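The values are calculated or read from the model by the stated rules, or taken from the named source; none is laboratory data. Please read all numbers here as calculations on a predicted model, not as lab measurements. Here the Cβ is made from the backbone with ideal geometry for all residues, glycine too, and neighbour counts use every protein chain on show. Keep in mind that these areas ignore ligands, DNA and RNA; they rest on the heavy atoms of the full protein, side chains included. Shrake-Rupley method; radii C 1.70, N 1.55, O 1.52, S 1.80 Å.
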Amino acid sequence: MKKEMSSFDVRSIVSEMASLEGAHIDKIFHWGAGNVLFRLNVQGDGKRELFFKDKKWLYLAPDRPETPETPTSFATFLRKYITNAKIGKTVQVGFDRITVTEVFKSDAQYKLIFEMFGGGNVLLVLDGKIVNCLTHKTWKDRSTRPGEDYVMPKSRFDPITSSFEEFKDVFRSSGSDTVRTLATVVNLGGQYSEELCKRTNIAKNTPSQEVGDEPLNRMYSSLREIVERVIQSSEPTVFRKDGAIVDVAPVNLLIYEDAEPQQVQSMSLAIDALLQEIGQTEEETYVDPETEKLKKRIQKQTETVDEYKMESEDLKKRADALYAEYQKVTELLAVLGQKSKELTWEKLTEGAMKIPFVTGMDPSKNKVTANISDLKVTLDYTKGIDANASDIYQRSKDISEKAKRAEGALKESMVELEKRQKGIDKAKALAMSKAQPTKQFWFERYKWFITSSGKLVIAGRDAHSNDNVVKKHLKEKDVFVHADVHGAPSVILKEGLTATPEELREACAFALTQSKAWVAALTEGAAFWAYPDQVSKTPNPGEFVPRGAFIVRGKRNYEHHLKIELGVGEIMYQGTRKVMCGPVELFKDSDRYMILSPGRGKSGRKAGEIAKDFRVPEEEISRILPPGDVEIIKRIWKDEPEKQ
């Protein structure tokens, strides 16, 4: 599964961002290690969310992410400068993972720059100078700090605009194998390097020097075909294996022929689906940073060793080639050595280039490049064949020594990684004996349950989240639910307009059990549901609406005689096990569940008991239980006798 955007992904997102041209910046949010959200007002399309997630994913979020109430200093700064600013054109810089968006204010024209490499960054630039940026950092050739000139990172090869000759030259300049050459030198990245090898039936480990013009031509044609599709007729695709997402791309890829391709409407939707799978829903998976550093170091050291070995072997082959064509090389060096004393550089070059196997001249350095035994070899024509061969052999030997030293460093790193991994494995073994948390989802910041037909119901935990649950999550197709008692949470039945009568009653029962009716240990009560346009924060004249409360105008659709009891049981949600608390009827077919009623004991003690039975952390159970005390009135474990 990919960990960051490719340059082709960025190109596709830039195309989608064309729809933002003319929009105005409404609000800017910043939270966590590197999440920045730009809420935009798009004429004729309402609000859109431009999301820069984890400093490496840029896309138009289909749903509004949860944002903090209090802005950070970075968000406050950007709001001060570009709130209500007009969005202009967005472009990708070359084929790099950098986008530049024009931002117009009445008194200034800014550039909003997103960098999706090297840790990522968001920069606001005015007249070439950085006004502010998310990450402050200094490199050898550039610095990203307020007040500094913005220096664009050194541009890499652009395969999108390159001609075949440029593509061939840069490909042939590499001493590595085909797939690595395409990934690094040609700047395609691993995903599309493998795709080109697959489409052209060229072995990935073929040395770049051994790839002929005809296969290169096929490779370039395949590259042009991918480029045209991405730019003009993209087909954003999610690739799944056994239901799990393995990758996303703006075009269908042959390297995933054993996966199930699912076309989506936009690359933004594809990225959003991927992020939900790998953690956008706030699943917290710990990654040991030291282990990751060691793995990256080992990967880089491995590549360095391979490159040194290949370069050393390549130089040895070139030196050997001189003796394979001893007479031809000797004559070439003798002629050029003599003529260099008689002719100007221009005349010398003109004459040398007439020799069929000479491909290049640099008289300023006494160098000639020639095809010797199908290899390009650069020679010093002021020296003889033995001296030139000796120089090349020596370079090969020097690089071979570098390879040995690099191998030694690689072995030390691998030993260090093995020691650290053993320590982590030991810690994991200890942790396995403890209850493991289940996968976390975004809605768990609220009270929640899943209805009998699979719809999500969420409810506020307090006055603050009551406001949030309505303001951020109540949409046109949803239904607002509330218990007919004072001190009840705001509840939303998602997609409630298509809900069955059973689901509406389930949502009403949930609203009642999460209210003070549970604390008061009532046996039954009533709740109602209403449409979104009936719910308002605007009070009647002379009235006041406190925080967390709303006014419901018009008809209220009541459900009466709702029993105040809840079930806690295991469910499967999006392919993962969850422990849910909701109306008892939902658990009738469950293998393991409990029935709860308002009780006299402390809920904390019961939470620990329930958590132990379901093998999850106590905190996970505490968050789903109703307010007040609970009593377990029935425990149904179908693989063992029923317990009262």
Pairs, please: C-beta under 7 Å, at least 6 apart or cross-chain, first residue of a type in the set (A, V, I, L, M, F, W, C) and in the stretch 612-625, second assigned to a helix (DSSP H, G or I)? ILE621/ALA607; ILE621/ILE610; ILE621/ALA611; LEU625/SER603; LEU625/ALA607
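Could you tell me which residue of the stretch 91-134 is nearest to ASP158 (Cα to Cα), considering only residues that are small (Gly, Ala, Ser) and either outside any strand (DSSP E or B) or open to solvent by 30 Å² or more (accessible area, probe 1.4 Å) (or both)?
Taking the stretch 91-134 and keeping what is small (Gly, Ala, Ser), we get 94, 106, 108, 118-120, 128.
Next cut, either outside any strand (DSSP E or B) or open to solvent by 30 Å² or more (accessible area, probe 1.4 Å) (or both) only: 94, 106, 118-120, 128.
Numbers: GLY94: 6, SER106: 35, GLY118: 19, GLY119: 22, GLY120: 20, GLY128: 24 Å.
Among those residues, the one meeting the criterion is GLY94.
Check whether at least one residue in the stretch 291-304 is open to solvent by less than 90 Å² (accessible area, probe 1.4 Å), within 24 Å of ALA389 (Cα to Cα) and in contact (Cβ under 8 Å) with a residue 24 or more places away in the chain, and report yes or no. Even if it seems obvious, please write down each step before you answer.
The initial filter retains those residues of the stretch 291-304 that are open to solvent by less than 90 Å² (accessible area, probe 1.4 Å), namely 291-292, 294, 298, 301-304.
Filter once more, keeping what is within 24 Å of ALA389 (Cα to Cα): none.
So far as the stretch 291-304 goes, no, none of its residues is open to solvent by less than 90 Å² (accessible area, probe 1.4 Å), within 24 Å of ALA389 (Cα to Cα) and in contact (Cβ under 8 Å) with a residue 24 or more places away in the chain.
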Hey, can you tell me all the residues within the stretch 62-80 that are open to solvent by 50 Å² or more (accessible area, probe 1.4 Å) and polar (S, T, N, Q)? THR70, SER73, THR76
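Results for (1) out of contact with any Ser or Thr (no Cβ under 7 Å at 6 or more places or on another chain); (2) assigned to a loop (DSSP other than H, G, I, E, B); (3) closer than 28 Å to LYS477 by Cα, shown as yes or no for each residue.
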position	(1), (2), (3)
ALA511	yes, no, yes
LEU522	yes, yes, no
ALA526	yes, no, yes
ASP533	yes, no, yes
THR538	yes, yes, yes
GLY542	yes, yes, no
ARG547	yes, yes, yes
CYS581	yes, no, yes
SER590	yes, yes, no
In the stretch 192-214, anything surrounded by fewer than 18 Cβ atoms within 10 Å (Cβ to Cβ) and part of a helix (DSSP H, G or I) is listed as LYS198, GLU210, ASP213, GLU214
Out of (1) closer than 30 Å to VAL377 by Cα; (2) crowded, with 19+ Cβ neighbours inside 10 Å; (3) charged (D, E, K, R), what's the single condition that is false for ASP169? (2)
Only one residue in GLY487, GLY454 is open to solvent by 20 Å² or more (accessible area, probe 1.4 Å), under 21 Å from VAL519 (Cα atoms) and either of a type in the set (Phe, Trp, Tyr) or outside any strand (DSSP E or B) (or both). Which one? GLY487
Given GLY575, GLY542, GLY567, which one is of a type outside the set (A, V, I, L, M, F, W, C) and touching a helix residue (DSSP H, G or I) at 6+ places or on another chain (Cβ under 7 Å)? GLY567
Could you look through the stretch 1-47, keep only residues that are polar (S, T, N, Q) and modelled with pLDDT of 90 or more, and pick out the one that is surrounded by the fewest Cβ atoms within 10 Å (Cβ to Cβ)? SER19
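Give the residues of the stretch 179-237 that are of a type outside the set (Val, Ile, Thr) and touching a strand residue (DSSP E or B) at 6+ places or on another chain (Cβ under 8 Å), sorted by residue number.
Quick first cut of the stretch 179-237, residues of a type outside the set (Val, Ile, Thr) only: 180, 182-183, 187-199, 201, 203-205, 207-210, 212-225, 228-229, 232-236.
Across the stretch 179-237, the qualifying residues are GLN191, LYS204, ASN205, PRO207, SER208, GLN209, GLU235, PRO236.
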If you check every pair at least six apart or on different chains, which have Cβ atoms under 9 Å apart with a residue in the stretch 137-151 that is without any contact (Cβ under 8 Å) to a residue 12 or more places away in the chain and charged (D, E, K, R) first and a residue that is exposed (fewer than 10 other Cβ atoms within 10 Å of the Cβ) and outside any strand (DSSP E or B) second? ARG142/LYS154
